[in-house]
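Structure first, then comments.
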Amino acid sequence: MERGGSPEPSSSSTTASNVKDDIIYVPQKGYDENIRCKKPWSKNVQFFKHVKMSTLALMKIVNHAQSGKNLEVMGMLQGKVQDNIIIVMDVYALPVEGTETRVNAQAEAYEYMADYMELSEDMGFIEHVIGWYHSHPGYGCWLSGIDVDTQLMNQSFLEPFVAIVVDPIRTTANGKVDIGAFRTYPKHYKPVQTNSQEYQSIPLEKIEDFGVHSDCYYRLEITYFCSSFSSRVLEILWNQNWANTLSSSDGASRQEYMTSQMNDLAAKMRDLIDVNGEANKKQMQRSSGFDKDGEKKLKNIDKDLCSFAGETVNIILAEMVKRKLFVSLGEKKVEILGSNDRAEYNE
């Protein structure tokens, strides 16, 4: 879901798509209970491959994550399952205290969850809790060791269950939502190693935690749906606020993010080429310069540099376009006002 894209005027294809999405909201009594009894995920560890999320749920998650700034936040997902698809229809935030590196639910949060679900049932909502979400401010979408343990426990007692991770810092800096959906493998399960997994940049202080647990879970594809009513509301909001996208600037937050990226790249280079380290002295004596592990790290740094350069160019171009647009408009306005003043003076 990218920021700044103007919605197309209503058409037959758009209407048909919204009507199709509206069907998702029709209650399927007994279906969830049926699939929970059969437990197909116990026979196929990757039974769930897809997550469909409502635009309402996405906006709530992003707004909650951005409100926490550099602190992690946490919430729960409500929805249902349809075949091998987990459908996220709504979310709610939890009153938890997070740090810059972790967030844990305490007794107050569990009590809040119980009360929330009881009130939801009283109001006629039949959607189950089907997962949880939390934020990783500035360090990407993946599961840490604590996240893996939490998700494993949830999958043991609350199946079907999915974990959503969102990065509010990268979302603001890049202008598009950085989000991921994950499920863990059973303990002692060894997944087949493939090279199809997309590379993502991980800060140096998080690489070890990421690498140790990267084989404990898999990523699910995420798509989004919107009801006809929600689509109309979004269209009205866009028509009223589209100018804010052009006039607003996230320069301060982007500058902070880009600075942290530069510092992280420098730290990775220092870690790789430490002339005082015995291990690297041995590496430099090799004909290739580095061993296989060193070459892999160097390639990853190269990918990070290319990504960083691309992000920087996009940010600079966007700011140049905004400045050119609004400065030229301002100059034209001053010119018009000046000509009017001269005309009045001549009269």
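Which length gain, in nm to one decimal place, applies between Ala266 and Ile207 when the Cα-Cα distance is subtracted from 0.36 nm times their residue separation? Spell out each step's value before the answer.
On the way: separation 59, 0.36 × 59 = 21.24 nm, distance 1.48 nm.
Fully extending the segment from Ala266 to Ile207 adds 19.8 nm.
Residues in region 39-70, backbone N under 12 Å from the label point at Glu159 (7 Å along the Cα-to-beta-carbon vector): list them, ranges by number please.
39-48
Just want the ordering: Tyr133, Tyr224, from fewest to most Cβ atoms lying within 10 Å of their own Cβ. Don't jump to the answer; show the numbers that get you there.
Values: Tyr133 25, Tyr224 16.
Ascending number of Cβ neighbours within 10 Å: Tyr224, Tyr133.
So between His188 and Val313, what do we pick up on full extension, going 0.36 nm a residue minus the alpha carbon distance? Intermediate values should be presented prior to the final figure.
Values: separation 125, 0.36 × 125 = 45.00 nm, distance 4.42 nm.
Extra length from His188 to Val313 when fully extended: 40.6 nm.
So between Lys39 and Glu221, what do we pick up on full extension, going 0.36 nm a residue minus the alpha carbon distance?
Values: separation 182, 0.36 × 182 = 65.52 nm, distance 2.09 nm.
Computed gain between Lys39 and Glu221 is 63.4 nm.
Read-outs throughout are calculated quantities, based only on the coordinates presented, and are distinct from any laboratory measurement. Nothing here was measured: the structure is a model prediction, and the numbers come from that model. Methodologically, a virtual Cβ is constructed for each residue, glycine included, from the backbone with ideal geometry; neighbour enumeration extends over all protein chains shown.
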